[in-house]
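Trainee: My questions all concern the structure below.
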Amino acid sequence: MLAHSVLAVFALAILAEPVVAQNMPREDTLIVRAGRKFGAPELYNPYLAGHRGETGNWWMAENLFYMNLYQGEIEPWLGTSFEYGPNHDSITIKLREGVKWSDGEEFNADDVVFTYNMLKENAPTLRWSVWIKEWMTEVRAEDSHTVFIQLKEPHTRAHYSFLIGLWVPPIVPEHIWSQEDPTTFKNWPDPVWTGPYKLVDTSAEAVSWERRDDYWAKDVMGEFPGAKFLLVTGPGPAEKMMIEQIESRMDVWSGFTKSQYETVVKRNDTIDLWVALDPCTRALWFNIQRPPLDQAEVRWAVSYAINKNKLNFAAFEGVTRTSKLPYPYYGTITPYLEDWKEMLEKYNTEEYDPDRAVAILEDLGFEKGRDGIYVSPDGIRLSWVIISPPWSGHREMAQSISEDLKAIGVDASWKVLEPAPHGEAWRRNDYDMNVAWACAEGLGQAWDPYAWLEGFHSKYALPEGESADQNRIRYQNPEYDALLDELTGLLPDDPRADEVLAQAQEIYMRDLPVIGTLQTVTSNTYDTLHWKGFPSEEDPYITPFHWWPHFLFTLLNVEPQ
Amino acid sequence: MTASLASSAKEVFNFVFRRNAKLTTGFVIIFVLVLIAVIADLLAPYDVASIGLHGPDLPPSFQNLLGTDTLGRDVFDQLVHAVRQSLIIGFFTGLVGLVVGLSVGIFSGYRGGLVDDSLRSVTDVFLVIPTIPLLVVLSSYVRFLTIPALVLILAVFAWPFPARTFRSQVLSLRKREFINLAKLSGMSDMKIVFREILPNMLPYVGTTFANSVSGAILAEVFLEILGLGPQNTTTLGVMVYWAMWRGAMIRGILWWVLPPMIILVLIFIGLQLINIGLDEVYNPRVRKGGSTPA
């Protein structure tokens, strides 16, 4: 009986093909394979838990500004400029004229004011609402295309959190959302956005979009997408994805390992490959509330026990490099490696020295039990489970780390969790160690370490068991908080800011709540059989990751062969 | 018809090796695999799951008999340990399912009445539970899935079908003359069950056990392919999972993907041959010539 059920499910999994709408000719359709399944395919409200923007919703919910990491520039889009007031306690945003919502209504300052006020009124339920409520004391329209925002106190980097961050709150149409309860509104089946496509159909397997001939940027910016249809489908097993790309049955994919993309590129000469640096390093998170991991020395012992070169081999087949900092080595970050050279030599997370790890433990009074496993002076046996999500590279890292820890006398094991339970365990701080990524809210760590460090301010430390977005590990250090508070009021180019940032970074390195073990690279494969104009290493006009809102620029650049 | 358990088993054993080629072949296949499982530590004394012990994707050679995988692990070493773990999962799940199913089936069928109605209802409820989705949910929410935990989870769903099968057999047997005779002679219910009913159900016990073992091994492979099994331990499912995850088939790393699949096929063929052989031994309708050993 059990065998029959299993065989039936196997057969279904093998035979299942994504649904392709019959009225979407292949040569007119750009096919993008999303990296995650669409858990709630009828949810197009980006402010609710469970929303998956990879359906294409991120691309249609256009932002005021986009941070272009490869160009190091801010791209104005629905907004044209923003400016801080003299004391950095206010921001004035100018909006672009001529922008229209997909239902023909004009996009203007009222929509922006409504969106931020909606978030303030619905904190903490809606995503981004906590920060907006905390910092925006007043939002008002100065004229139809100018928005004034009063901050509660001077903040020189407030724009990271809601204007240029890689994921920021999208502006919603007031004339629709004001009639709805934003905490339950699905924004479906006809989501109104300013983006270039309208939703045609959505299911758990596939989402299809059709180009809007009345897209505002066609006349205002001279921008128009080349593909008439968009088909976004969920991922499949690695073998299946490789076959689909080899047979040109999909155009955009991201996630092959080195050996996989080498095979695909070899067998399909229309595939373009860009192995690009990802803004989130691969990190090991500690539960610093669980003894003895609450001791920084023990966390450093773990760091020395981990062979990072082996991690690189396990997770990325050796394609990437080990990391000294939990930040991506973009041109915005690499100067810090030189500025903080001494500090990073003192606190060297790249170093692999198992003898030193053992020495640290034994200096702390740990002794091996009869089973060869270390026991703390308090009698706690070192038995740790390392959790990881099921993404490529993560589970291999968890296994590799567990092997390294076993080698020094820790009863380490690893467990792969599905995305939902993994995310829940992470937010509730319910794990021993967690292999995940190091991303600040808005991914600001890609250009300013402040964005990452600020996320460990104790004001975000919720009681154990509560679901937290910031400071998930509940790090608390008044000295560190004071430095971050001071930084918040200093301009990034103020000489004092460099000094304070270095001090905060040194405390972070000393306490090591999260190790940024490896720089992350992501392989992006594009099929040029039907389409050209994808971003590449030679022409990195935008970051290549299709699950980001920035994929909008790829849509606007891609044209038929 | 008052054969004891021991004599019945002896008859089956003799019949296997003298009369039924399928049963013999099945037993030989399973015996060889069990032997590999037992001496796995002698065949592969290393920590087989360790990453980077060898070079990646090396084809078979004298040093690495079945080559290595992309993570630099010896495939032969993994395989012999995987056979052990998968057989353990199959055997113990099958055993738990069999013991529970047999107990429920016999008690329900022999007692009849309200007991039968109640147990049959419980069994029916378990039979209609969508097993696979529930396994997926259970596996993903167990904090740390070990082999014993997996066996328990699988066993929860391994007993109802045997229970229904055994109940039907008991319902049929309890109306037979030799059972009435046993009752009239004052034999206790326990003695009737163990001396009269159980020996007559041995072939069903064998086939049910073989089916349960197959189902458990297949379910483990399924969970592993979803990434939900106990991945700390190398099983055949884990090997298939890693090979699939890294695209071994399409990359032509056949020495990685084929060995666990071949072993899985051998396990199923072995168990099915035992299944068919037992059926031929005890079911005159499917037997070509010969008579029942009893």
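Trainee: Need one word for the range A:57-152: rounded, prolate or oblate. Basis is the Cα gyration tensor (sqrt eigenvalues a ≥ b ≥ c); a/c below 1.5 gives rounded, then a/b vs b/c decides.
Mentor: Rounded, since a/c falls under 1.5.
Trainee: Same structure again: Have a look at A:416, A:209, A:31 and report the one farthest towards the positive end of the charge dipole of chain A, computed about the Cα centre with Cβ charges (Lys/Arg +1, Asp/Glu -1).
Mentor: Going by the Cα projections, it comes out as A:416.
Trainee: Under 28 Å Cα-Cα from residue B:10, which lysines qualify once same-chain neighbours fewer than 8 residues away are excluded?
Mentor: B:22, B:175, B:183, B:191, B:288
Trainee: Given the -39500 (n - 2.57) contribution per DSSP H run of 4+ residues, what per-residue ellipticity at 222 nm results for the protein assembly as shown, rounded to the nearest 500 deg cm²/dmol? Can you show the working numbers first?
Mentor: Details: 31 runs with 367 residues, N = 855.
Rounded to the nearest 500, it is -13500 deg cm²/dmol.
Trainee: Something else: Using only C-alpha atoms and all pairs of different ones, pull out the Kirkwood radius for the range A:506-561 in Å with one decimal.
Mentor: When all Cα pairs of the range A:506-561 are included, the Kirkwood radius is 13.8 Å.
Trainee: Check cross-link reach from residue A:152 to the aspartates and glutamates: straight Cα distance under 12 Å, and skip same-chain residues fewer than eight apart.
Mentor: Here the aspartates and glutamates satisfying the reach criterion relative to residue A:152 are A:89, A:134, A:138.
Trainee: Could you tell me what % of all Cα pairs in the range A:436-476 have separations over 11 Å?
Mentor: 61 percent
Trainee: Follow-up question, since we're still on this one. For the range B:131-282, take every pair of Cα atoms, bin their distances at 10 Å starting from 0, and report each bin as a whole percent.
Mentor: Going out from 0 Å in 10 Å bins, the range B:131-282 shows 10, 28, 26, 19, 11, 5, 1, 0 percent.
Trainee: Here's another thing I want to ask about it. Between A:65, A:179, A:305, whose Cα lies farthest towards the positive end of the dipole of chain A when Lys and Arg beta carbons carry +1 and Asp and Glu beta carbons carry -1, centred on the Cα centre?
Mentor: A:305
Trainee: From the square roots a ≥ b ≥ c of the eigenvalues of the alpha-carbon gyration tensor of the range A:335-474, which class results: rounded (a/c under 1.5), prolate (a/b over b/c), or oblate?
Mentor: oblate
Trainee: Between their Cα atoms, which of A:324/A:368; A:37/A:100; A:368/A:406; A:100/A:186; A:37/A:240; A:133/A:324 are more than 23 Å away from each other?
Mentor: A:324/A:368; A:37/A:100; A:133/A:324
Trainee: If you count only protein heavy atoms and use a 1.4 Å probe, how large is the accessible surface of residue A:121, to the nearest 10 Å²?
Mentor: Answer for residue A:121: close to 140 Å² accessible.
Trainee: Treating the beta-carbon of each Lys and Arg as +1 and of each Asp and Glu as -1, no other charges, what is the dipole magnitude of the range A:382-502 about its Cα centre, to the nearest 20 debye?
Mentor: So the dipole magnitude of the range A:382-502 works out to roughly 540 debye.
Trainee: Please label the shape of chain A as rounded, prolate or oblate, based on the square roots a ≥ b ≥ c of the eigenvalues of the alpha-carbon gyration tensor (a/c under 1.5 means rounded; beyond that, a/b larger than b/c means prolate, else oblate).
Mentor: Because a/c hits 1.5 or more and a/b fails to exceed b/c, chain A counts as oblate.
Trainee: Among A:271, A:236, A:288, whose Cα projects farthest towards the positive end of the dipole of the range A:200-325, with charges put on the beta-carbon of Lys, Arg (+1) and Asp, Glu (-1)?
Mentor: Checked the options; the winner is A:288.
Trainee: Here's another thing I want to ask about it. So how many Å³ per residue does the convex hull of the Cα atoms of the range A:170-329 work out to?
Mentor: Given the Cα convex hull of the range A:170-329, per-residue volume reads 223 Å³.
Trainee: So, one more: P(r) for chain B, please, calculated from all Cα pair distances in 10 Å bins and given in %.
Mentor: 6, 24, 28, 22, 13, 5, 1, 0
Trainee: Relative contact order for chain B: what percent, with Cα pairs under 8 Å and sequence separation of 6 or more?
Mentor: 28 percent
Trainee: Taking springs between alpha-carbon atoms closer than 10 angstrom, which of B:251, B:120, B:111 fluctuates most in the Gaussian network model of chain B?
Mentor: Ranking B:251, B:120, B:111 by mean-square fluctuation puts B:251 first.
Trainee: For the range A:271-373, state what percent of all Cα-Cα pairs lands in each successive 5 Å bin, counting from 0 Å until the bin that includes the largest distance.
Mentor: Over the range A:271-373, the share of Cα pairs per 5 Å bin runs 2, 10, 16, 20, 19, 14, 9, 5, 3, 1, 0, 0 percent.
Trainee: Considering the alpha-carbon set of the range A:130-248 alone, what are its Rg and its Dmax in angstrom?
Mentor: 19.4, 57
Trainee: Now, a different point. Taking only the C-alpha atoms, wrap a convex hull around the range B:29-79 and report its volume per residue in Å³ as a whole number.
Mentor: Convex hull volume per residue, Cα atoms: 79 Å³.
Trainee: Percent antiparallel among DSSP beta bridges with both residues in the protein assembly as shown, to the nearest 5?
Mentor: 80 percent
Trainee: For the range A:440-561, what does the equivalent ellipsoid look like in terms of its semi-axes, each the square root of 5 times an eigenvalue of the Cα gyration tensor, given largest first in whole Å?
Mentor: 37, 18, 13
The values are calculated or read from the model by the stated rules, or taken from the named source; none is laboratory data. The structure displayed is predicted, hence computed values, not measured ones. Don't worry about glycine lacking a Cβ; one is built from the backbone with ideal geometry, like all the others, and counts go over all protein chains shown. Heavy atoms of the whole protein, side chains included, go into the accessibility calculation; ligands, DNA and RNA do not. Shrake-Rupley method; radii C 1.70, N 1.55, O 1.52, S 1.80 Å.
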